[in-house]
Amino acid sequence: MNKSFKKIGVMTSGGDSPGMNAAIRAVVRTCAYHQVQCLGIYRGYQGLIEGDFKEMTPRSVNNIINKGGTVLKSARSQEFRTVEGRKKAYEQVKASGMEALVVIGGDGSFTGGMVFNEEFDFPVMGIPGTIDNDIYGTQFTLGYDTALNTVVDAIDKIRDTASSHNRLFFVEVMGRDVGHIALNAGIGAGAEEILIPEEDMGKDRLVESLKRSRKNGKSSSIVVIAEGDTTGENVFDLKDYVLQNMPEYEVRVSVLGHMQRGGTPSCFDRVLASRMGVKAVESLLEGKTNYMVGIQNNKMALCPLDKAVKGKTEIDTELLRVSDIVTI
Ligand code: ATP
């Protein structure tokens, strides 16, 4: 380690995701391991502006590895988007003795970290915490695996009703710009169709495909749709269209919503969070700044924050083919 920081801050920012607490715990304990003090910053950048800090010790993060949400709370701060806001934040940081910052959040939070780094030459390290898995430079973000399990579990339950009543269910899942959750949870839950923003299936092909399923002897069907999909105006519009063309079906819509964000983190997310927390602090101590910690081929890897923010993640098109084959 070639840097001798005395104090490192950690915050969670933007939308919460399961695994954030496990990451906070890992950051706090890695700091302690290297004899660095750790300051918890409450409510993201708004807490940074207001000096809402609390010293964290290895014992202050007992029993949080298994908890969803974030003990540090999260917030979106308009004030931090202004130069004045960031100046206030820097004054607080200076007064507290904080010398580097770990930001656990999504691309907006990383953009805030980069701006802060540019303006004040302040060392920043990002940890990707978002259920959408839409951050470039890492194969997995914190909370994604837990969200997949939550969605699969919910669809399994919906399927019980669908098959008991010969119904067609549209299940809307999170994913404004990307279809990772829809595609993977859809395959995992055996959905007949998966609609994602990356691919416009068209309403007519959807109806044709559902008719084919019916002809092949399927009496109920599940269609998983990402919230950002553009096949119809929205999931209710699609439901109406299918009803007009397949009046023999009873069609229902289930929007899973925020339940996808909560819950106990999966073992995968806890391990990932622990690895990312250790890597984030140790990278700062090695003198690295303005990076995000990611995972590639099961190895920790750093990605420059600007690339993480600007880059686009891609869905695995092989999965679309797999879905087509296994739902025949
Ligand atoms: P999610 O993926 O859940 O949306 P996120 O980290 O992308 O998480 P945002 O609301 O986009 O969430 O950003 C979190 C916070 O980061 C903002 O409330 C703001 O304080 C800060 N931030 C975002 N963009 C900028 C920017 N261009 N300049 C300064 N601060 C920013």
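The values are calculated or read from the model by the stated rules, or taken from the named source; none is laboratory data. Because the structure is a prediction, the values reported are computed rather than measured. Cβ atoms come from the backbone with ideal geometry, glycine included; neighbour counts cover every protein chain shown. When the accessible area is computed, the model is the full protein with side chains, heavy atoms only, and any ligands, DNA or RNA have been set aside. Shrake-Rupley method; radii C 1.70, N 1.55, O 1.52, S 1.80 Å.
Any residue at all in the range 146-159 that is within 29 Å of Gly47 (Cβ to Cβ), modelled with pLDDT of 95 or more and not in a helix (DSSP H, G or I)? Checked against the condition, which is being within 29 Å of Gly47 (Cβ to Cβ), modelled with pLDDT of 95 or more and not in a helix (DSSP H, G or I), the range 146-159 yields no hits at all. Condition test on Asp160, is it within 12 Å of the ligand (Cβ to nearest atom) and more than 24 Å from Cys31 (Cβ to Cβ)? The answer is no for Asp160.
Matching residues to (1) over 27 Å from Met98 (Cβ atoms); (2) in contact (Cβ under 8 Å) with a residue 24 or more places away in the chain; (3) assigned to a loop (DSSP other than H, G, I, E, B); (4) not charged (D, E, K, R):
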| residue | (1), (2), (3), (4) |
| --- | --- |
| Gly228 | yes, yes, yes, yes |
| Glu233 | yes, no, yes, no |
| Phe236 | yes, no, no, yes |
| Lys239 | yes, yes, no, no |
| Met259 | yes, yes, no, yes |
| Cys303 | no, yes, no, yes |
| Thr313 | yes, yes, yes, yes |
| Leu320 | yes, yes, no, yes |
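The condition of being buried (at least 24 other Cβ atoms within 10 Å of the Cβ), away from the ligand (no atom under 15 Å from the Cβ) and not charged (D, E, K, R) holds for only one of Val27, Val36, Val71, that being Val27.
For the range 274-286, state whether one or more residues are under 23 Å from Ile196 (Cβ atoms) and either among the β-branched types (Val, Ile, Thr) or open to solvent by 30 Å² or more (accessible area, probe 1.4 Å) (or both). For the range 274-286, residues under 23 Å from Ile196 (Cβ atoms) and either among the β-branched types (Val, Ile, Thr) or open to solvent by 30 Å² or more (accessible area, probe 1.4 Å) (or both): absent. Could you say whether any residue in the range 119-132 is within 11 Å of the ligand (Cβ to nearest atom), among the acidic types (Asp, Glu), more than 15 Å from Ile24 (Cα to Cα) and buried (at least 24 other Cβ atoms within 10 Å of the Cβ)? Checked against the condition, which is being within 11 Å of the ligand (Cβ to nearest atom), among the acidic types (Asp, Glu), more than 15 Å from Ile24 (Cα to Cα) and buried (at least 24 other Cβ atoms within 10 Å of the Cβ), the range 119-132 yields at least one hit. For the range 78-104, filtered to residues that are touching a residue at least 40 places away in the same chain (Cβ under 8 Å) and loosely packed, with under 14 Cβ neighbours inside 10 Å, the residue that is nearest to the chain's Cα centre (by Cα) is Gly97. Consider the range 220-272 and keep the residues that are over 17 Å from Gly175 (Cα atoms) and of a type in the set (Asp, Glu). The one that is most open to solvent (accessible area, probe 1.4 Å) is Glu248.
Scanning the range 119-136 for residues that are over 26 Å from Thr230 (Cβ atoms) and either in contact with a Cys (Cβ under 9 Å, 6 or more places away or on another chain) or not aliphatic (A, V, I, L, M) (or both) yields Glu119, Phe120, Asp121, Phe122, Pro123, Gly126, Gly129.
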